[in-house]
Amino acid sequence: MTGQPRPVSTRSEKVWRAARFAVGEFNNALSQQPFTYKILNVTSAKVQVVAGVNYIIEVQLGRVCKSSLLQKCHGKSHPKELLCTFTVTEIPWEGKRFVYRRICKP
């Protein structure tokens, strides 16, 4: 049944799979930077059934320097931690998954 987002456990494997996918896509967009971000914590999660499934996930991220670019990594131009809300849409019967929305703040 479609409807409003409903809270789900932040420990759910489906939530973590969606979170890892979203952070992977986020890091791909930063591929020219001397760092990536890793998940420190999934702070909240909701699921919404639409024409597929939306996972609305709030994630705390920490910056990790790429080992080959350590000297360039320690600037202050990017925050060491971010709080991001990702909406990941999965359409399982089509084998599709994509990040529909991303909002991050320090």
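Consider segment 75-99 and keep the residues that are surrounded by 17 or more Cβ atoms within 10 Å (Cβ to Cβ) and touching a Leu at 6+ places or on another chain (Cβ under 8 Å). The one that is modelled with the highest pLDDT is Cys84. Within segment 49-62, the residues that satisfy the criterion of being more than 15 Å from Pro7 (Cβ to Cβ) and either hydrophobic (A, V, I, L, M, F, W, C) or open to solvent by 40 Å² or more (accessible area, probe 1.4 Å) (or both) are Val50, Ala51, Val59, Gln60, Leu61.
Okay, residues lined up against (1) more than 13 Å from the chain's Cα centre (by Cα); (2) assigned to a helix (DSSP H, G or I); (3) hydrophobic (A, V, I, L, M, F, W, C):
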residue: Ala22; (1), (2), (3): no, yes, yes
residue: Glu25; (1), (2), (3): no, yes, no
residue: Thr36; (1), (2), (3): no, no, no
residue: Thr43; (1), (2), (3): no, no, no
residue: Val49; (1), (2), (3): yes, no, yes
residue: Val53; (1), (2), (3): yes, no, yes
residue: Ile57; (1), (2), (3): no, no, yes
residue: Val64; (1), (2), (3): yes, no, yes
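For Ser12, the conditions (1) modelled with pLDDT of 95 or more; (2) open to solvent by 60 Å² or more (accessible area, probe 1.4 Å); (3) small (Gly, Ala, Ser) are fulfilled apart from (2).
The values are calculated or read from the model by the stated rules, or taken from the named source; none is laboratory data. Everything numeric here is computed off the predicted structure, so don't read it as measured data. Ideal geometry is used to build each Cβ from the backbone, glycine not excepted, and the neighbour counts take in all protein chains shown. Calculation scope for accessible area: heavy atoms of the full protein, side chains included, ligands and nucleic acids excluded. Shrake-Rupley method; radii C 1.70, N 1.55, O 1.52, S 1.80 Å.
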